[in-house]
Amino acid sequence: MHSYSEEVGVPATDAVRAAIGEVDYAALFAAAPGPCLVLLPNLVIIDVNRAYCQGSGCARKDLVGQPFFDSLPANPADPEADQVRTLVAASLEGVLSTRKRDTMPLLKYDISAGSQPGVFEEHWWSVINTPVLGPEGQVRWILVRTEDVTAFAHHGRDRTETGCTQQMEAELYERAGEVQRLNEELRHANARDRRVAIKLQEAMLHSPDLARHSDIAVRYLPAVHSLNVCGDWYDAVDLPEGRFSVAVGDVVGHGLEAATVMGRLRSALSAASRAVAGPAQALELLGLYARSVEGALATSVVSALIDTRSQLIIYSSAGHLPPVLLHPDGRCMLLDRATDPPLGARPQHVPRPQAGIEYCRGCTLLLYTDGLIERRDEDIDTGIHRLTDALVERCVGLDPEHVADTLLTHFDVRQGASDDIALVVVRL
């Protein structure tokens with residue numbers, strides 16, 4: 001692992017390393033001359049610096065823990081105050097969705113005069129909202145940097161300046177307006193792309209059979225920086241005689257190309273699961289079909305058939321991570337006795353293995369893709385151990401919806417990870 005000094009090109013002398021190790025970043029933040037505050041993704045304030053407290057006239061203890069907009073009372077006499085709050089909210093939502101910094105145009109937002117309750121003073125602000133990303137690319141915090149430019153705004157109204165100064169200020173105002181227009185266009189374009197992508201993914205993942213199972217919870221999260229579509233999928237298929245099957249799969253790659261392949265493979269597996277005796281035969285047919293689909297090779301899939309009458313799980317895996325069976329008493333079992341290479345990995349057709357295991361009422365079955373547990377510079381077995389530990393310590397007795405949410409929170413991927421995630425939780 002590289003040190004900070006190496007990353008920024010500072011000579012890695014002992015003195016420099018020692019000095020870097022002694023830097024108090026909390027003190028630096030508190031002393032920063034520009035007003036700054038830090039928000040959680042739910043827009044709750046978790047820190048402010050002294051400059052922000054001085055500019056807002058509020059004490060730090062009165063700000064930390066408060067929703068951002070609750071800390072900014074609007075001037076009831078200003079008809080544009082609500083519009084400004086809407087613009088700021090849109091900027092923050094854009095930062096959360098795009099994970100990119102947003103520089104806002106000059107904003108007029110009055111603040112309360114501390115010595116005169118109910119009296120507001122006119123203020124103009126320059127605001128920059130910057131995401132701070134976690135190790136998997138998710139937004140962990142938003143750094144809001146504000147600058148009070150009231151003096152500049154008032155100065156612009158004064159017509160006594162020289163022609164040169166007036167021209168410079170006119171250009172600055174024009175550029176600020178252009179930034180605002182471009183930001184609005186980008187927000188509208190991103191919102192449109194997200195709506196289209198989400199509708200596409202919803203259509204491809206739609207499962208009428210799944211809607212009939214209140215005991216099954218599913219989750220789908222695309223990789224961060226993707227277009228809200230991915231190559232991971234989940235499915236549930238109702239079968240005769242009190243049986244049903246669940247599956248997850250993972251196509252190599254991201255984006256529309258992977259999603260297109262995913263849609264074809266998911267439909268093929270759904271049809272095969274209805275036509276053959278068990279998951280191994282279904283995966284055999286899927287493997288044969290995958291050879292004719294460009295981009296489908298090396299796809300991993302796991303399918304499990306649940307027979308509710310005999311309380312038996314029959315499963316087969318094509319290069320996928322093992323499902324986990326959580327017993328009501330907290331015991332975890334990996335279903336790893338029927339694992340084979342991914343689709344198309346063998347040059348010749350070979351029958352796939354299949355295994356069965358009994359379950360008891362109240363057990364929970366978990367199928368997942370590697371985006372949930374895989375981390376950079378960490379062995380996949382470590383991720384599996386973290387998963388089973390989380391199930392035992394946090395999920396015993398929870399219903400499927402709460403199990404799914406608990407796992408996403410535990411692995412800090414509620415807003416996505418560096419890889420796609422599909423998750424199926426079944427209460428048996």
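Which one of these is of a type outside the set (A, V, I, L, M, F, W, C) and farther than 21 Å from VAL425 by Cβ: ASP381, ASP370?
ASP381
Here are the criteria: (1) open to solvent by 50 Å² or more (accessible area, probe 1.4 Å); (2) more than 22 Å from LEU285 (Cβ to Cβ). Tell me which single one GLN354 does not satisfy.
Of (1) open to solvent by 50 Å² or more (accessible area, probe 1.4 Å); (2) more than 22 Å from LEU285 (Cβ to Cβ), only one is false for GLN354: (2).
Filter segment 64-83 down to the residues that are within 27 Å of the chain's Cα centre (by Cα) and not in a loop (DSSP other than H, G, I, E, B), then identify the one that is modelled with the lowest pLDDT.
SER71
Check whether at least one residue in segment 102-110 is buried (at least 18 other Cβ atoms within 10 Å of the Cβ) and at pLDDT 80 or above, and report yes or no.
Yes, segment 102-110 contains a residue that is buried (at least 18 other Cβ atoms within 10 Å of the Cβ) and at pLDDT 80 or above.
Which one of the conditions (1) at positive phi; (2) modelled with pLDDT of 85 or more; (3) not β-branched (Val, Ile, Thr) does GLY9 fail to meet, given that it meets all the rest?
(2)
Looking at segment 27-56, which of its residues are exposed (fewer than 11 other Cβ atoms within 10 Å of the Cβ) and either modelled with pLDDT under 70 or under 27 Å from the mean Cα position of the chain (by Cα) (or both)?
ASN42
State whether one or more residues within segment 273-282 are more than 24 Å from LEU335 (Cα to Cα) and surrounded by 19 or more Cβ atoms within 10 Å (Cβ to Cβ).
No; the residues of segment 273-282 include none that is more than 24 Å from LEU335 (Cα to Cα) and surrounded by 19 or more Cβ atoms within 10 Å (Cβ to Cβ).
When only residues in segment 179-212 that are in a loop (DSSP other than H, G, I, E, B) and open to solvent by 30 Å² or more (accessible area, probe 1.4 Å) count, which is modelled with the highest pLDDT?
Here is the first cut: in segment 179-212, the residues in a loop (DSSP other than H, G, I, E, B) are 206-209.
Now drop any that are not open to solvent by 30 Å² or more (accessible area, probe 1.4 Å), which leaves 206, 208.
Values: HIS206: 77, PRO208: 84.
Ranking the candidates gives PRO208 first.
Considering every residue within segment 320-339, establish whether at least one is assigned to a helix (DSSP H, G or I) and either at negative phi or at pLDDT 95 or above (or both).
The answer is no, given that none of the residues of segment 320-339 is assigned to a helix (DSSP H, G or I) and either at negative phi or at pLDDT 95 or above (or both).
One residue is enough: does segment 342-359 have a residue meeting the conditions within 30 Å of the chain's Cα centre (by Cα) and either more than 23 Å from TRP233 (Cβ to Cβ) or not basic (Lys, Arg) (or both)?
In the first step, residues of segment 342-359 are kept if they are within 30 Å of the chain's Cα centre (by Cα); the result is 342-343.
From the residues that got through so far, the ones that are either more than 23 Å from TRP233 (Cβ to Cβ) or not basic (Lys, Arg) (or both) too are 342-343.
Scanning segment 342-359 turns up at least one residue that is within 30 Å of the chain's Cα centre (by Cα) and either more than 23 Å from TRP233 (Cβ to Cβ) or not basic (Lys, Arg) (or both).
The values are calculated or read from the model by the stated rules, or taken from the named source; none is laboratory data. Here the structure is a predicted model, which is why all the values come from computation and not from measurement. With ideal geometry, Cβ positions are generated from the backbone for all residues, glycine too; neighbour counts draw on all protein chains shown. Side chains included, ligands, DNA and RNA excluded: accessible areas come from the protein's heavy atoms. Shrake-Rupley method; radii C 1.70, N 1.55, O 1.52, S 1.80 Å.
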